[in-house]
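All remarks here apply to the structure that follows.
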Amino acid sequence: PIPRPGLVLGLVGPNGTGKTTDLKILSGELIPNLGVYDVGNLEKYKVIEHFRGTELQTYFRRLFSGDLKVSYKLQNIIGLHLNPSIKVSDFIENSVGHNVVNKVKDILNLSNIWDKELSKLSGGELQRVAIASTCVKDADVYLIDEPTSYLDVHERIKAAKLIRSLASEDTYIIIVEHDLAVLDYLSDIVCILY
């Protein structure tokens with residue numbers, strides 16, 4: 001998938017086709033081997049060279065030089081339960097502006113769980129907290145993996161509107177989603193993996 005600033009890129013496809021792996025690559029967490037299997041990960045400069053003359057070359061050059069700040073909402077939100085004593089407010093407010101937090105808190109209806117510990121939340125509540133934590137960060141790249149799992153229709157619409165509001169001419173947004181209605185609403189471009 002080729003991320004483009006100012007456009008929301010949606011990824012859809014069956015489980016196991018590499019959508020989450022693509023996000024890990026686009027976050028810089030995983031360096032692709034580009035089909036060279038006898039070496040672990042390639043050097044970053046070889047990845048940049050491989051994509052010479054494309055938009056991905058520019059993206060990876062900026063990513064690997066630290067010029068892009070990435071905010072990544074992981075697919076597996078249940079791991080948040082492993083932080084038993086952390087409250088929702090502490091998890092979200094970590095070095096973020098108060099106005100942004102209040103806006104996201106209202107949009108995702110987090111007031112009633114604001115002082116609860118993460119370990120006490122349901123799947124839908126954890127999902128909203130994970131989305132909020134990702135969206136409040138001042139980032140250049142927002143990678144959001146399956147944001148509507150565990151959410152009812154009303155919450156899916158609110159989350160989609162919040163994510164869509166992050167779009168700007170300088171921001172990259174990549175969404176992995178199985179809900180085609182949400183994906184259609186969110187995405188300017190859709191990449192189908194199979």
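The values are calculated or read from the model by the stated rules, or taken from the named source; none is laboratory data. Since the model is a prediction, treat every value here as computed from it, not as a measurement. No Cβ is skipped: glycine too gets one built from the backbone with ideal geometry, and neighbour counts run over all protein chains shown. We work out accessible area using only protein heavy atoms, side chains counted, and drop any ligands, DNA or RNA first. Shrake-Rupley method; radii C 1.70, N 1.55, O 1.52, S 1.80 Å.
Quick notes on this structure:
- Contact order, relative form, for the chain: 37 percent (alpha carbon pairs under 8 Å, 6 or more residues apart, mean separation divided by residue count).
- Simple Cβ-charge dipole of segment 85-194, Lys/Arg +1 and Asp/Glu -1, about Cα centre, in debye nearest 20: 360 debye
- Straight-distance crosslink candidates among lysines, where the alpha carbon sits under 25 Å from Lys46 and sequence neighbours closer than 8 are dropped: Lys19, Lys24, Lys69
- Near Asp140, once Lys and Arg are set to +1 and Asp and Glu to -1 for all other residues with Cβ below 11 Å from its Cβ, the sum equals 0.
- Whole-number accessible area per residue in Å² for the chain, which is evaluated in the context of all protein chains at 1.4 Å: 51 Å²
- Percentage of interatomic Cα-Cα distances in segment 30-79 larger than 18 Å: 43 percent
- Normalised by 2.2 N^0.38 Å, where N is the number of residues, the alpha-carbon radius of gyration of segment 1-43 equals 1.32.
- Surface accessible to a 1.4 Å probe, Lys69 within the full protein complex, Å²: 100 Å²
- Calculated SAXS-style log₁₀ I(q)/I(0) at q = 0.08, 0.13, 0.20 Å⁻¹ - the chain, Debye, Cα scatterers: -0.27, -0.71, -1.44
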